[in-house]
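Quick notes on the structure that follows.
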Amino acid sequence: MFDLSDTRIGIIGLGYVGLPLAVEFGKQYPTIGFDLKQERIDELGRGQDATQEVSSSELAEASQLVFTSNPDDLSDCNVYIVTVPTPIDAHKQPDVSFLKAASRTIGGLVKPGDVAIYESTVYPGATEEECIPEIESVSGLEFNKDFYAGYSPERINPGDKVRRISNIIKVTSGSTPAAGDYVDALYRSIVTAGTWRASSLRVAEASKVIENTQRDLNIALINELALICNQMGIDTEEVLEAAGTKWNFLPFRPGLVGGHCIGVDPYYLTHKAQELSYYPEVILAGRRLNDDMGRYIGEQVIKLMMNGKIQVSGSRVLVLGLAFKENCPDLRNSRVIDVVRELEGYNVLVDVHDPWVEMDNAKDEYGIDLVADPVPGLYDAVIIAVAHDEFSGIGAEGLRALCKPEGILYDVKCLLPADATDGRL
């Protein structure tokens, strides 16, 4: 029924997940990358990637890959892979609107024998409960009789040039044993690290949300340790370095927990749990603690300013970094904005500088006008919020020079030695 040699792939969504996947498949199979944004298609057509996940030479290597914003161009495909965002809404509930829209697009294209594979993060059961009914409704075809499904959770780490699709083990699954065999073989053909075949879509879906929920809870533990150590006047980083001499101590560090995965995925798991009348305690406690870290950091800086007899209201503070992680332009769910808003609540004038982030993107996403070149000696406080290489390259002396003589230098990321700053997380 399924013929790997006759595979024609359509990738729906060309962001941080979809584009690298399209490039890998485009080296071996006829592949069409689809995105609603024509400007994204135009940019990729020029051999450029604003996310900086794929280089121009890598795009050129994908000789069988073409791009389009017209869904009709996918009509000849027999495999559709969905890599659209799955964010949370203002009430921290899963937003599957993009997922449903992509499924309706597939519904207008799918033919008997075709396979729809989902990579977007979802709660266990979502593929069959949310996506498949949309395909059936539009197409009039019957699931597991006329068309089939797979789920293979994405493991993209934005900005990581070492761990790539081909060298990360890929979890795969299918809606029937034969579909599972096909999906697994398809991914094994591009993933040299190999695959891990899950017994069902739901198992594969659950494996994704627990990966990032585990990280979220570990970071929450270390964030709570930082709160306690700061109350005791103990340097958290020194404590962690000492504890790290034990062979099985996990090397987590405190900080802001944002991004498209760790700060979002736990809510998908807790949503499903609550739907089943189970109310998670540990997972949500960790989420509350991590979501509160921006406010805490802002308060710590304000206290340092007050202790240094700096007039807070009307003061000027520089925040270095807006992306959710270092050496990456990704702004999705960045919690740096929480620090900015907390400071603004004290009538502080906040400038933000990030050499990785496009100014238009910062304006569109958060309403922030980035500062291109911070003026030395202008700021009452400077906060190192993201550990970009550019900031570590400036060094302690260069960062201190951005402050007024009596200004505060606060290091969220422990980028500098403790004695080079006035405070750190």
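The values are calculated or read from the model by the stated rules, or taken from the named source; none is laboratory data. Remember, it's a predicted structure, so these values are computed and weren't measured experimentally. Positions of Cβ are generated from backbone atoms using ideal geometry, with glycine treated the same way; all protein chains shown enter the neighbour counts. Ligands, DNA and RNA are excluded from the accessible area calculation, which covers all protein heavy atoms including side chains. Shrake-Rupley method; radii C 1.70, N 1.55, O 1.52, S 1.80 Å.
What accessible area per residue comes out for the range 80-194, rounded to a whole number of Å², with a 1.4 Å probe?
The answer is 37 Å² per residue.
Looking at the square roots a ≥ b ≥ c of the eigenvalues of the Cα gyration tensor of the range 1-148, which shape do they give, rounded for a/c under 1.5, prolate if a/b is larger than b/c, or oblate?
oblate
In nm, what is the difference between 0.36 nm times the number of residues separating Ser75 and Lys404 and their Cα-Cα distance?
Net length gain for the segment: 112.3 nm.
Along the range 120-130, what does the Karplus equation 6.51 cos²θ - 1.76 cosθ + 1.60 (θ = phi - 60°) give for ³J(HN,Hα), rounded to whole Hz, x for Gly and Pro?
4, 5, 9, 7, x, x, 5, 4, 7, 8, 9
Which whole-Hz couplings ³J(HN,Hα) result when phi for each residue of the range 384-391 is put into the Karplus expression 6.51 cos²θ - 1.76 cosθ + 1.60, θ = phi - 60°, listed in order with x for Gly and Pro?
So the J values, rounded to whole Hz, are 7, 9, 9, 8, 4, 4, 4, 6.
I'd like the accessible area for Ser334, computed on protein heavy atoms only with a 1.4 Å probe and all protein chains in place. Round to 10 Å², please.
Per-residue accessible area (Ser334): approximately 0 Å².
For the range 308-425, just say rounded, prolate or oblate: build the C-alpha gyration tensor, square-root its eigenvalues into a ≥ b ≥ c, call rounded for a/c under 1.5, and beyond that prolate if a/b exceeds b/c, oblate if not. If you can, show how the numbers build up before the last one.
Details: a/c = 1.68, a/b = 1.21, b/c = 1.38.
Oblate, because a/c is 1.5 or more while a/b does not exceed b/c.
Using 0.36 nm per residue, how much length does the chain from Ser189 to Val138 gain when fully extended, once their Cα-Cα distance is taken away?
Fully extending the segment from Ser189 to Val138 adds 15.2 nm.
Can you pull out the GluC sites (Glu not before Pro) in the range 132-204 that DSSP calls coil and that have at most 12 other Cβ atoms within 10 Å?
Listed in order of number, the matching sites are Glu142.
I'd like to check one number: the per residue accessible area of the range 278-425, probe 1.4 Å, reported in Å² as a whole number. Write down the numbers at each step before the final one.
Details: 6620 Å² over 148 residues.
That works out to 45 Å² per residue.
Return the carbon/sulfur percentage of the accessible area of the range 137-204, one whole number, probe 1.4 Å, all protein chains in place.
Exposed carbon and sulfur together represent 53 percent of the surface.
Compare His91, His388 by solvent-accessible area with a 1.4 Å probe and give them largest first, with all protein chains kept in place.
Of His91, His388, the descending order of accessible area is His91, His388.
Between the range 145-160 and the range 382-425, what is the separation of their alpha carbon centroids in Å?
The range 145-160 and the range 382-425 have Cα centres spaced 40 Å from each other.
Modelled label-to-label distance, Val282 and Lys92, 7 Å Cα→beta-carbon offset: nm?
1.8 nm
Too long at a 30 Å Cα-Cα cut-off: which of Lys92/Lys309; Lys27/Lys363; Lys27/Lys161? All intermediate terms of the calculation are to be shown ahead of the outcome.
Working: Lys92/Lys309 39 Å; Lys27/Lys363 36 Å; Lys27/Lys161 19 Å.
Check vs 30 Å cut-off fails for Lys92/Lys309; Lys27/Lys363.
For the range 38-102, what is one quarter of the convex hull surface built on the Cα atoms, given in nm²?
Projected over every direction and averaged, the Cα hull of the range 38-102 covers 5.9 nm².
Rounded to a whole number, what % of the accessible area of the range 230-342 do carbon and sulfur atoms account for, probe 1.4 Å? Please list the in-between numbers first.
Working: 2890 of 5320 Å².
Carbon and sulfur together cover 54 percent of it.
If you stretched the chain out fully between Val375 and Ala60, how much longer would it get, using 0.36 nm times the residue separation minus the C-alpha to C-alpha distance?
109.3 nm
So if we plug the beta-carbon distance of Arg163 and Gln28 into 1/(1 + (r/R0)^6) with R0 = 22 Å, what FRET efficiency do we get, rounded to 0.05?
So, using R0 = 22 Å, E works out to roughly 0.60.
Rounded to the nearest 10 Å², what accessible area does Arg188 have for a 1.4 Å probe in the complete protein model?
Using a 1.4 Å probe on the heavy atoms, I get roughly 130 Å².
Based on alpha-carbon centroids, what's the gap between the range 209-285 and the range 1-17 in Å, whole number please?
35 Å
Efficiency by 1/(1 + (r/R0)^6): what FRET value for Gln48 and Trp247, r their Cβ-Cβ distance, R0 = 30 Å, to the nearest 0.05?
Details: r = 45 Å, r/R0 = 1.51.
E between Gln48 and Trp247, to the nearest 0.05, is 0.10.
Given Cα pairs under 8 Å that are at least 6 residues apart, what percent is the relative contact order of the chain?
Numbers: 827 pairs, mean separation 45.5, N = 425.
Result for the chain is 11 percent.
DSSP loop GluC sites (Glu not before Pro) in the range 230-311 with at most 10 other Cβ atoms within 10 Å of their Cβ, which ones? All intermediate terms of the calculation are to be shown ahead of the outcome.
Numbers: sites: Glu237, Glu238, Glu241, Glu275, Glu281, Glu299; in loops: Glu281.
Answer by residue number: Glu281.
Measuring from label point to label point, each 7 Å out along Cα→Cβ, what is the Ser199 to Ala420 span in nm?
5.3 nm
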